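Notes follow once the structure below has been shown.
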Amino acid sequence: MKPGSQRMDSTFSRLLDKREAQGRRRRLTLPPPGAVDFSSNSYLSLADSPELKRRYLALLQSSGDGDGPRFSLGSGGSRLLDGNTAFTEALERRIAAFHGAPAGLLFNSGFDANAGLFGCAPQPGDAVVYDELIHASVHDGMKLGRAQKVPFTHNTVHAADAEGGTESLSAVLDRLCQGSQGESFRNGSRNIFVAVEGVYSMDGDVAPLRDIVACVRERLPRGNGHIIVDEAHSTGIIGPRGRGLVCHLGLEDQIWARVHTFGKAMGCAGAIVLCSPISRAYLINYARSLIYTTALGYPSLAAIQITYEHLAGGFADYRLQALHALIRRAHGTLTSLCRRRQIPPRILHIAPSVPESPIVPLFTASARELAACCQQHGFLLRPIVAPTVPTGTDRVRLCLHAGNTDDEVDGLCRVIEKWACDKMGIECNTNVPGVSEDVDSSMMKSDTSRL
């Protein structure tokens, strides 16, 4: 090893040790074999669908027949060189039509889509006003961009709803438009982009999008307020046939751009930016994460098409119904046990309202301990702690899936109840599933055969 490499390893080692001491070091892990999945973002369990796998393989095998696309493992280059195909452009049009958008542009991932969009769309002198809990990819895109960046308090639209020294969306827009420096925003010569998510990945709550649209239109009446909605966690689970929050609210004409990703409820990979045809042409010329990367290959594009055909045909509707039934069951059981056992919030707290998404945060000051306990009993959940979430809001992130069963949800809730009782030092007669051979196998794996 070169001496310079040794010095770098020494530097990296010190930094890793510091993060270890703070309890913040990240590591790659493998899911335990047979564990029940309450962690992944595959909300509709489509990635494991035998029917989708069969149709996907059939599409691959039929490629090259007649006038169909040729099957190749990779695209061979970027979209601007040799990686563009008629199949890619037709898929973009189909997805855009499904979501009620005039045009769309595929990216390799949601991260690439946000980095490309926010890195080039806002111009010098513009501003990006973003929800403080927006995705990390949006932050990275804004760092590449040339506009000023201003956060607003999560899901807080009006100043009267803000707490302490925090700023609401309306307060931020009012401040930007004040004085001589705000003249360009008031007269419409400069733009303000407002960045929000449809469903937030850590809290599972939904953006108050109607109020956001009304606020932007009122504060920026000259039409220079442009809303961008990241629909990563709302694609597939909100709106008619999973079209997302914007379509659910009928706001397609009020939103400047949408980012839909395919690696969560859709069960595959990739993303698309929905926008106007001119905006699409602009991104093709200026979005670096599109220009300088190899395009999606045919296998990835085929998976996206099959999944969208499944949604559009209504074949996933019963999955969505099953998912929402599990959401109500899990939330009702967990909130009931908190009341019945009088569990202090520092040990376990569940938001009182039924979630609109499959993400249920289990707030606790002992997130790592609770997650480890669940994993020991065969349920895969992950602790989410600062700085990923704000200090004092550590939680275990419970993600429900259409492929989970009632028995799995009930078994998990019994484990959580037993753990909480042990933390409180009170007796608990609840039987919890274990990981020994005498445990019913249905508690140790997701039963997706019914889907």
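The values are calculated or read from the model by the stated rules, or taken from the named source; none is laboratory data. Please read all numbers here as calculations on a predicted model, not as lab measurements. Because the Cβ atoms are built from the backbone with ideal geometry, glycine has one as well, and the counts that use them run over all protein chains shown. Side chains included, ligands, DNA and RNA excluded: accessible areas come from the protein's heavy atoms. Shrake-Rupley method; radii C 1.70, N 1.55, O 1.52, S 1.80 Å.
Annotations for the structure displayed:
- Every helix of 4 or more DSSP H residues in the chain counts as -39500 (n - 2.57), and over all residues that averages to -12000 deg cm²/dmol at 222 nm.
- Anisotropy class of region 347-400 from Cα gyration tensor, a/c 1.5 cut: oblate
- Cα gyration tensor, region 288-349 - rounded (a/c under 1.5), prolate or oblate: oblate
- Only aspartates and glutamates eight or more places from Lys418 in sequence, or on another chain, were considered; those with a Cα closer than 18 Å are Glu369, Asp407, Glu408, Asp410, Glu427.
- Rounded FRET efficiency, nearest 0.05, which uses the C-beta distance separating Glu163 from Arg340 and R0 of 35 Å: 0.70
- Rough spin-label spacing in nm, given labels placed 7 Å along Cα→Cβ, for Arg210 and Glu51: 3.3 nm
- Accessible area per residue for region 3-112, computed on protein heavy atoms with a 1.4 Å probe, is 62 Å².
- Efficiency of FRET between Tyr292 and Glu132 - r from beta-carbon atoms, R0 22 angstrom, step 0.05: 0.15
- Here region 258-396 has 55 percent of its accessible surface on carbon and sulfur atoms, given a 1.4 Å probe and all protein chains in place.
- Alpha-carbon spread of the chain, three principal axes, descending order, Å: 67, 64, 60
- Taking label points 7 Å from Cα along the Cα-to-Cβ direction, Ile284 and Phe315 give a separation of 3.1 nm.
- With a Förster radius of 22 Å applied to the beta-carbon distance between Gln22 and His139, the computed FRET efficiency rounds to 0.60.
- Carbon plus sulfur fraction of accessible area for region 79-119, probe 1.4 Å, in percent: 57 percent
- Surface analysis of region 137-182 yields an accessible area of 53 Å² per residue, using protein heavy atoms and a 1.4 Å probe.
- Seen from a random direction on average, the alpha-carbon convex hull of region 148-219 projects onto 5.4 square nanometres.
- Between region 304-368 and region 125-149, the Cα center-to-center distance that results, in Å: 30 Å
- For the chain, cysteines whose Cβ has no other cysteine Cβ within reach (under 4.7 Å): Cys120, Cys177, Cys215, Cys247, Cys268, Cys275, Cys338, Cys373, Cys374, Cys399, Cys413
- Accessible carbon and sulfur surface of region 142-221 relative to its total accessible area, %, 1.4 Å: 45 percent
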